[in-house]
Structure formats: C-alpha cells, structure tokens
Amino acid sequence: MKKIHSIELSFLFFYIIQAFLFSGFISKSISLVSYRFILYLILSIFLGIGIIMLFCYLFNLSNKNIFYNIKNKFLVFILILISLLFSIYSLEIISSYINYIYLKDIDKLFIMISFMIVVFCLIKNDIYSFFRCSTIIFYFYIFLEIITFILLLFYIDFNNILPISLDINNIMDYSYIFICFLVIPILFLLVVPKDIIKNNTKMNKKIFITYLVISLIILIKSIISISILGYNSVSIYNYVDVVIYKNINLFSFIERFEWLLCFNSITNMFFMISLSLFYVKEGVNYIFPIKKNISYLYPLFISTLVILISYFYTISFNYIVFILVVFFLIHLIFCLFRLVK
C-alpha cells in the first residue's frame with residue numbers, strides 16, 4: 001500500500017481551514033462583533049480545539065475511513081446529503097468570486113462548469129491524488145503568501161485596529177461562524193484512511209500543532225486586513241482580499257496584480273469543494289458499491305448535480321450554518337456513543 005507523509009495531510013488542513021476566510025467570514029463576523037473581533041477570533045480559536053479533539057478521536061478509531069466506523073447507512077446518507085449541500089453552497093460562493101474578479105461578463109454557469117471539470121478530474125481518482133496535487137501547489141501557494149505579506153506591510157496602519165474592545169458579553173454567541181466555516185469542514189478529512197499515513201501513531205500532536213499554526217496565520221491575516229481597511233470597510237465588503245490586493249502597486253508596469261494574489265483564495269475553495277465531493281463519492285460508494293472500471297460515474301453524476309442545483313438555487317447562509325451544525329452533532333453523538341460503549 002502506498003503511504004503519505006503526515007505533512008501532506010497538514011497541507012490539506014491549511015487549505016480547508018482558510019477556505020472561507022475571505023469569502024464572508026471576516027466581513028460577517030466584524031459586522032456582528034465590531035471592535036471585539038480580535039478577542040472574538042482568539043476565543044473562537046480556543047473553542048475550535050474541541051472540534052480538533054473530536055477529529056483526532058474519530059480519526060484514530062480504526063485504519064479505515066469514517067463510513068466504515070459509523071456503519072449505519074442511514075447516518076452515512078445524512079452525512080452525504082449535508083456534504084453535497086455544503087458543496088453546492090461553496091460552488092456558488094467561488095463562482096461569484098471568480099465572476100467578480102476575472103470574468104464579469106461571463107455567465108456563472110460557464111464558470112461553474114469550467115471549475116467543476118477540474119474538480120471532477122481530481123475526485124474521480126483515489127485519495128492519493130489529493131495529496132499529490134496539494135503538495136505540488138503548496139510551494140507556489142506559500143511563495144504567494146510570503147510575497148503578499150511583504151507587500152501589504154507598506155499599507156498597514158495600526159490606528160485602524162483601535163479601539164480594541166475586551167467586552168466579552170454575548171461574544172461567544174457569534175463563535176458559530178468561525179466554528180462552522182473554518183473548523184467543522186475539517187471533519188471531511190475523516191474520509192482519509194488512517195493506515196495510508198506514515199508514522200500515524202503521533203498524528204494527534206501533529207494535528208494540534210497544524211491547527212494552532214494555521215489559526216495564528218488567520219489571526220495575522222485578519223489583523224492586517226483590519227489595519228489596512230478599518231473595521232467599517234471590512235464589514236461591508238464580501239471579498240475583503242480583493243479590495244486589499246487592489247491597493248498593491250507592484251512597480252508601475254504591473255497592473256491588476258490582484259489577479260495573481262487571488263489564486264490562493266481560489267485554491268483554498270478548490271480543495272474544499274473537491275474534498276467535500278470526494279467525501280460524497282466515498283459515502284455513496286460505501287452504500288452502493290460500484291466496479292472500479294465504471295467508478296467515474298459517481299463523480300460525474302455528483303459534479304453535474306452540484307452544477308445544476310448551484311446555478312438554479314441559492315442556499316442561504318443560515319441554512320448552511322444549520323446543516324453544518326447537524327454534521328458536527330452526528331459526529332459528536334457517534335463519538336459519545338463509542339465512549340459510553
């Protein structure tokens with residue numbers, strides 16, 4: 001059996017946790033908590049550790065993926081349905097993002113089809129394809145992150161961060177946004193079988209370290225965003241990163257530099273959608289096994305279904321929060337059942 005290194009799993013963590021960072025998370029959160037955002041983010045990061053603990057427990061249950069641990073096909077079907085709806089919502093978000101930045105005069109259906117063709121090419125293969133693809137892209141991804149960080153240092157005004165409120169009244173009532181969109185999607189990684197990872201006996205420690213490092217990066221990115229635009233401006237923009245990157249003027253002959261810098265946000269959503277649909281594919285294959293020579297049929301059908309529903313129907317923010325909470329509760333109840341048993 002082929003093996004992957006634990007660092008390759010960390011790469012997927014890196015993409016998934018940041019997928020919704022600039023696609024509504026920062027603006028939505030600041031509109032609710034205002035000057036308490038930094039405190040809210042720190043407290044939410046600590047609450048997210050509970051989800052990480054749940055992930056570690058379920059990941060270590062056996063060498064197989066989550067479906068073989070749950071075994072109940074009805075629960076597996078519910079998880080598949082939630083993952084499918086989440087993918088539909090995510091596709092609508094990323095297609096609007098691409099439409100806003102690159103292809104303003106192109107119908108979103110064309111963008112969705114083009115995007116999902118690439119997703120289909122990835123999910124029709126085995127889980128190793130994710131790790132190979134994520135590893136190859138990661139180095140260019142990090143290069144862009146470093147370049148972006150250096151360039152944005154010239155635009156920071158820390159006066160925009162002030163005042164920082166330490167009022168914690170009702171602040172945790174809004175932590176569901178962070179938990180739902182930046183942490184709960186980690187549970188899709190339970191589709192990865194434990195036995196394909198090298199030295200998996202020390203995975204818990206590595207997963208916690210990875211989460212804390214990515215959380216620190218999210219905190220830094222959020223502070224930079226606020227210090228450049230200010231709380232009021234960040235709260236009204238759907239695509240905060242695009243607005244920030246437009247301020248960057250790299251020499252006089254490079255125009256629309258934000259086109260390149262937005263690559264990372266698209267990469268994050270690409271892996272998020274691909275992983276959630278791979279989760280759907282594996283779940284369907286668990287309920288209705290299919291021969292390997294026609295295994296591409298499930299991904300093809302799933303991809304087509306996601307495009308059609310995403311184009312003709314918009315899933316509301318509140319509804320997606322609800323189904324993600326249900327997704328989490330199913331895993332939590334299963335975890336508690338195993339502990340009692």
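If you check Leu58 against the conditions, is it touching a Cys at 6+ places or on another chain (Cβ under 8 Å) and under 20 Å from Val183 (Cα atoms)?
Working: touching a Cys at 6+ places or on another chain (Cβ under 8 Å): yes; under 20 Å from Val183 (Cα atoms): yes.
Taking the combined requirement at face value, the residue satisfies it.
Going through the range 292-341 one residue at a time, which ones are at pLDDT 80 or above, β-branched (Val, Ile, Thr) and either more than 15 Å from Ile88 (Cβ to Cβ) or outside any helix (DSSP H, G or I) (or both)?
Thr314, Ile315, Val325, Val326, Ile330, Ile333, listed by residue number.
Identify all residues within the range 257-291 that are of a type outside the set (Phe, Trp, Tyr), modelled with pLDDT under 75 and within 26 Å of the chain's Cα centre (by Cα); write none if there are none.
Restricting attention to the range 257-291, the residues satisfying the condition of being of a type outside the set (Phe, Trp, Tyr) are 258, 260-262, 264-269, 272-277, 280-285, 287, 289-291.
Checking the rest, the ones that are also modelled with pLDDT under 75 come to 258, 260-261, 290-291.
Passing the criteria: Glu258, Leu260, Leu261.
Rundown of residues vs (1) among the basic types (Lys, Arg); (2) within 19 Å of the chain's Cα centre (by Cα); (3) outside any helix (DSSP H, G or I), yes/no style:
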site	(1), (2), (3)
Leu9	no, yes, no
Phe14	no, yes, no
Lys28	yes, yes, no
Leu39	no, no, no
Leu43	no, no, no
Phe46	no, yes, no
Gly50	no, yes, no
Leu54	no, yes, no
Leu58	no, no, no
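Mind telling me which of the residues Leu21, Leu75, Leu43, Leu39 ends up being surrounded by fewer than 19 Cβ atoms within 10 Å (Cβ to Cβ) and under 12 Å from Phe178 (Cα atoms)? Talk me through it step by step, then tell me what you get.
Values: Leu21 fails: surrounded by fewer than 19 Cβ atoms within 10 Å (Cβ to Cβ); Leu75 fails: under 12 Å from Phe178 (Cα atoms); Leu39 fails: under 12 Å from Phe178 (Cα atoms).
So the residue among Leu21, Leu75, Leu43, Leu39 that is surrounded by fewer than 19 Cβ atoms within 10 Å (Cβ to Cβ) and under 12 Å from Phe178 (Cα atoms) is Leu43.
Are there helices (runs of 4 or more DSSP H) fully within the range 62-173 with at least 1 residues that are over 30 Å from Met203 (Cα atoms)? List them. Steps first, please.
Details: elements: 66-70, 73-101, 108-123, 128-152.
Passing ranges, in order: 73-101, 108-123, 128-152.
Report whether or not Leu85 is aliphatic (A, V, I, L, M) and closer than 17 Å to Thr267 by Cα. Before you say what the answer is, go through the steps one by one.
Values: aliphatic (A, V, I, L, M): yes; closer than 17 Å to Thr267 by Cα: no.
In short, no.
The values are calculated or read from the model by the stated rules, or taken from the named source; none is laboratory data. Here the structure is a predicted model, which is why all the values come from computation and not from measurement. Positions of Cβ are backbone-derived with ideal geometry, glycine not excepted, and every protein chain shown enters the neighbour counts.
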